[in-house]
Ligand code: GDP
């Protein structure tokens, strides 16, 4: 058994800062002097724990969070088609989520949609109230924690921010969630935490990442224990044409191991099971090598969860993004049943919440 990193997705309305937040987290990682650095996956980036704790500063200790996880595994492509498919199917791609919104605009149509995805998939999440630097009069300090940054503000600016936070609290209440600004939460089990941040200046990121880890410790213990030599399970992120390779399947693996000669099963839009044999497994090349060789990927024989991998295999035209993926080397009937029962469970869930 090993503990894998929690898979995290960032959801929210267009232009509310998903990409900027992901870039900032990656950027501070690259800039960090800590050992290790990031691991680039297909469709995802893994930030090691030593880097996360260096961003979080003393907050992890303050919250009594031990650093037992290998890191956080961020899905790179926000607003992805797989999420929409999963929304219709009621499934889930991530263990944890950040619901991001522009604090000056509050809830917008895609914020509600994202919230519904999280509600139906029961994914634990924190709210990032982004763009606090846009509040008139806000005095920014790059990379500062929110708790200190807020002390540098005029009281009218703090009041303005609070008004906006309470609008978010009000809307979340209407949507069935109790919530509070993170430093006023009295019960982490029943209240959603809202962290004011600026993805632009990095203010509030220490607290945001600390709250995410807090959720991981609260909700994910068993889910993150995986068997390294068990046949892999994953979720298809995207089926796409790749120059010189044909159709490829970008997949996030959340359990087990995937080998180059494995047979895999996935679902089509019509929920038919497709079985195919892997031709090659690809992962991104290190940046320096991409520049020289002009190809983005390199072959690998084996890949262990959590990981993002590009699979080259025949007969994958009808595979739907958001489909579960399972290895089926020996007991095909059992795996087929498992895939179909996932769809059944999803249908039942979907009916329950009236989508
Ligand atoms: P996405 O569509 O959710 O991925 O949004 P982007 O990350 O592309 O951000 C949309 C715009 O908002 C870009 O021009 C960003 O520079 C800007 N932006 C994002 N976060 C912040 C922030 O914290 N403060 C300010 N002032 N602008 C931001």
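The values are calculated or read from the model by the stated rules, or taken from the named source; none is laboratory data. Model, not experiment: these values are computed from the prediction. Every residue, glycine among them, receives a Cβ derived from its backbone with ideal geometry; neighbour counts consider all protein chains shown.
Quick check: anything in the stretch 221-233 within 16 Å of residue 125 (Cβ to Cβ), within 22 Å of the chain's Cα centre (by Cα), within 16 Å of the ligand (Cβ to nearest atom) and touching a residue at least 24 places away in the same chain (Cβ under 8 Å)?
Let us first name the residues in the stretch 221-233 that are within 16 Å of residue 125 (Cβ to Cβ), namely 223.
With within 22 Å of the chain's Cα centre (by Cα) added as a condition, the list becomes 223.
Those still in the list that are within 16 Å of the ligand (Cβ to nearest atom) too: none.
There is no residue in the stretch 221-233 that is within 16 Å of residue 125 (Cβ to Cβ), within 22 Å of the chain's Cα centre (by Cα), within 16 Å of the ligand (Cβ to nearest atom) and touching a residue at least 24 places away in the same chain (Cβ under 8 Å).
Tell me yes or no: at least one residue of the stretch 63-74 is within 16 Å of the ligand (Cβ to nearest atom) and either modelled with pLDDT of 85 or more or crowded, with 20+ Cβ neighbours inside 10 Å (or both). Yes, there is a match, as at least one residue in the stretch 63-74 is within 16 Å of the ligand (Cβ to nearest atom) and either modelled with pLDDT of 85 or more or crowded, with 20+ Cβ neighbours inside 10 Å (or both).
Is there a residue being closer than 23 Å to residue 15 by Cβ, assigned to a helix (DSSP H, G or I) and in contact with a helix residue (DSSP H, G or I) (Cβ under 7 Å, 6 or more places away or on another chain) anywhere in the stretch 126-134? Within the stretch 126-134, one or more residues are closer than 23 Å to residue 15 by Cβ, assigned to a helix (DSSP H, G or I) and in contact with a helix residue (DSSP H, G or I) (Cβ under 7 Å, 6 or more places away or on another chain).
Here are the criteria: (1) surrounded by 22 or more Cβ atoms within 10 Å (Cβ to Cβ); (2) modelled with pLDDT of 65 or more; (3) within 24 Å of residue 307 (Cβ to Cβ). Tell me which single one residue 82 does not satisfy. Residue 82 satisfies all of (1) surrounded by 22 or more Cβ atoms within 10 Å (Cβ to Cβ); (2) modelled with pLDDT of 65 or more; (3) within 24 Å of residue 307 (Cβ to Cβ) except (2). Please go through the stretch 35-62 and pick out each residue that is at pLDDT below 80 and out of contact with any strand residue (DSSP E or B) (no Cβ under 8 Å at 6 or more places or on another chain). Scanning the stretch 35-62 gives a single hit, 35. Remark: residue 88 falls outside the filter, which requires a residue to be surrounded by fewer than 17 Cβ atoms within 10 Å (Cβ to Cβ), at pLDDT 90 or above and either within 12 Å of the ligand (Cβ to nearest atom) or in a helix (DSSP H, G or I) (or both).
Out of 174, 167, report the one residue that is within 16 Å of residue 16 (Cβ to Cβ) and more than 16 Å from the ligand (Cβ to nearest atom).
Criteria check complete, one pass: 167.
Quick one: which of 271, 259, 301 is surrounded by 15 or more Cβ atoms within 10 Å (Cβ to Cβ) and modelled with pLDDT of 95 or more? Residue meeting the stated conditions: 259. Out of curiosity, is residue 2 modelled with pLDDT of 85 or more, more than 16 Å from the ligand (Cβ to nearest atom) and surrounded by fewer than 18 Cβ atoms within 10 Å (Cβ to Cβ)? Here the answer is yes, as residue 2 does meet what is asked. Among all positions in the stretch 9-23, there is no residue which is surrounded by fewer than 17 Cβ atoms within 10 Å (Cβ to Cβ), at pLDDT below 90 and away from the ligand (no atom under 13 Å from the Cβ).
Does the stretch 136-143 contain any residue that is at pLDDT below 85, surrounded by fewer than 15 Cβ atoms within 10 Å (Cβ to Cβ) and within 16 Å of the ligand (Cβ to nearest atom)? No, the stretch 136-143 has no match at all. Put simply, of 264, 290 the only residue that is buried (at least 21 other Cβ atoms within 10 Å of the Cβ) and either closer than 17 Å to residue 42 by Cα or modelled with pLDDT of 95 or more (or both) is 264.
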